[in-house]
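What follows is calculated from the coordinates using simple rules that are stated; it is not laboratory data. This structure is a prediction, so every number in the text was calculated from the model and none was measured. Every residue, glycine as well, gets a Cβ built from its backbone with ideal geometry; the counts of neighbours run over all protein chains shown.
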Amino acid sequence: MFTLRRPFLSLPIQRNTLSQNHFLPRGRPVTPEWQKCLAVTVERFGGECSEREIERLTAVARSQKCDVIVGIGGGKIIDTAKAVGRAAGARVAIVPTIASTDAPTSAVAVIYTDDGVFVRCDFMPRNPDLVLVDTRVIAEAPVRFLVAGMGDALATWFEAESCRLAYAPNQCGGVGTLAGYALARLCYDTILEYGVAARTACQEKVVTPALNHVVEANTLLSGLGFESGGLATAHSIHNGLTQLDATHSYLHGEKVAVGVLAGLFLTDRPSHLIRNVYDFCESVGLPIVLQDIGLGDVSNDDLRRVAEAACAEEETIHHESCPVSPDAVLAALKTADRFGRERAARQSAGA
């Protein structure tokens, strides 16, 4: 978190004298002047984007009179920074160190309990003022985060398409636009085309065009696509899955991917599309069965809890044009899991 003690103005910059570490207005380093007017307060994130953590960090921001809140890290840190910025009346800058969600560009903060159970989505009055992504940093992060980001991005087009067909509202409260739907589709096409190559690059900790494309899809295209197009089944099922403690060690995008797979059956998608999505998930390492998110031995009663939470009145699953009920969601979850298990069994038998 930053506090500007006094306004900072630099003189015109001579581009031919720029160094890597300093801006040189008329040849004079501005770093010493910058340090005079900039105070930095660093606070470590407590682990959950919860009311308690937001209140704690807001108190710090207010006491330090912070003008800018900078969220550096993953999705929950980013959402917390947005919520603190709103509460403290500060500008918000986002610096993702992983590409695991579409949180960076959005004006939405997902609020959880201190134990990681979904509570609600809070809508900010504005999007972040700055999003700064360095793909060299993303490439150094564990590949699981990049893959989880693809799981989150995978939902973007399916959910936007559901909203389009049902004339359901997007995250801004209006009906989606052609541009929003096009970005959602571009997001889907990009991760299917470049996902495997991007994963390979991240495993080698190198930056390639494919990695750049997927980072753009995970953050920008998915962020713009879901806000402009809308949410539906996949994220509601994610929210329902957080009811079960066994899922709390799994990433947001991993649970969203399970929601996508279940949504394919809930919304009666054609068999060739179902196969394509399972192929993609398997190729990059996203979950294809409930066991992949810690629910290998889940009881029918617990799975019903997930379905009931996913169908809560305020959930976006009701943006679907087809009938939605806990029974229908339970059936979709069980069918998606069975499809994945039988697929894996056939592959094992043929190996």
Revision key, fill the gap. Tilt, helix 143-166 to longest principal axis of the chain (alpha-carbon atoms), in degrees rounded to tens, equals 70
Exercise for review: Using the number of other C-beta atoms within 10 angstrom as an exposure proxy, rank Ser299, Ser222 with the fewest first.
Suggested key: Ser299, Ser222
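Taking N as the number of residues in the chain, what is its alpha-carbon radius of gyration divided by 2.2 N^0.38 Å?
Taking N as the residue count of the chain, the ratio is 1.05.
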**Study point:** Stokes-Einstein D for region 228-351, Kirkwood Rh over Cα pairs, 10 °C, 1.306 mPa s (µm²/s)
**Key:** 110
Check your understanding: Rule-of-thumb check for region 166-234: C-alpha Rg over 2.2 N^0.38 Å?
Key -> 1.26
Review point. Whats the longest run of the chain with zero chymotrypsin sites (Phe, Trp or Tyr not before Pro) that are DSSP loop and have at most 15 other Cβ atoms within 10 Å?
Key: 168-351
Check your understanding: Tell me, what is the percent relative contact order of the chain, built from C-alpha pairs under 8 Å that lie six or more residues apart?
Key -> 14
**Study point:** Choice from Val306, Val256, Val215 showing the highest fluctuation, given a GNM over the chain with Cα pairs closer than 10 Å
**Key:** Val306
Review point. Relative contact order, percent, of region 255-351 when contacts are C-alpha pairs under 8 Å separated by at least 6 residues?
Key: 36
Review point. When the Kirkwood radius is taken over all Cα pairs of region 148-287, what Stokes-Einstein diffusion coefficient follows at 4 °C and 1.567 mPa s, in µm²/s?
Key: 86
**Study point:** Selection of GluC sites (Glu not before Pro), region 259-351, meeting DSSP coil and at most 12 other Cβ within 10 Å
**Key:** Glu313, Glu314
Review point. Count of lysine pairs in the chain with Cα atoms under 28 Å apart, counting only pairs 8 or more residues apart in sequence or on different chains?
Key: 9
Check your understanding: From the Cα gyration tensor of region 122-172, with a ≥ b ≥ c the square roots of its eigenvalues, which class applies: rounded if a/c is under 1.5, or else prolate if a/b is larger than b/c, or else oblate?
Key -> oblate
Practice item. Can you list which of the GluC sites (Glu not before Pro) found in region 135-229 are DSSP loop residues with at most 15 other C-beta atoms within 10 Å? Key: Glu204
**Study point:** Separation between Cα centres of region 171-216 and region 221-277, rounded to whole Å
**Key:** 16
Check your understanding: Mind checking the angle between helix 178-203 and the chain's longest principal axis? C-alpha axes, 0 to 90 degrees, to the nearest 10.
Key -> 90
Point to revise | Packing-based exposure ordering (other Cβ within 10 Å, fewest first) of Lys65, Lys334 | key: Lys65, Lys334
Review point. Put a dot 7 Å past each Cα toward the Cβ at Asp302 and Ala179; how far apart are the dots in nm?
Key: 4.6
Review point. If you keep only loop residues by DSSP, which trypsin sites (Lys or Arg not before Pro) in region 105-183 have at most 16 other Cβ atoms within 10 Å of their Cβ?
Key: Arg126
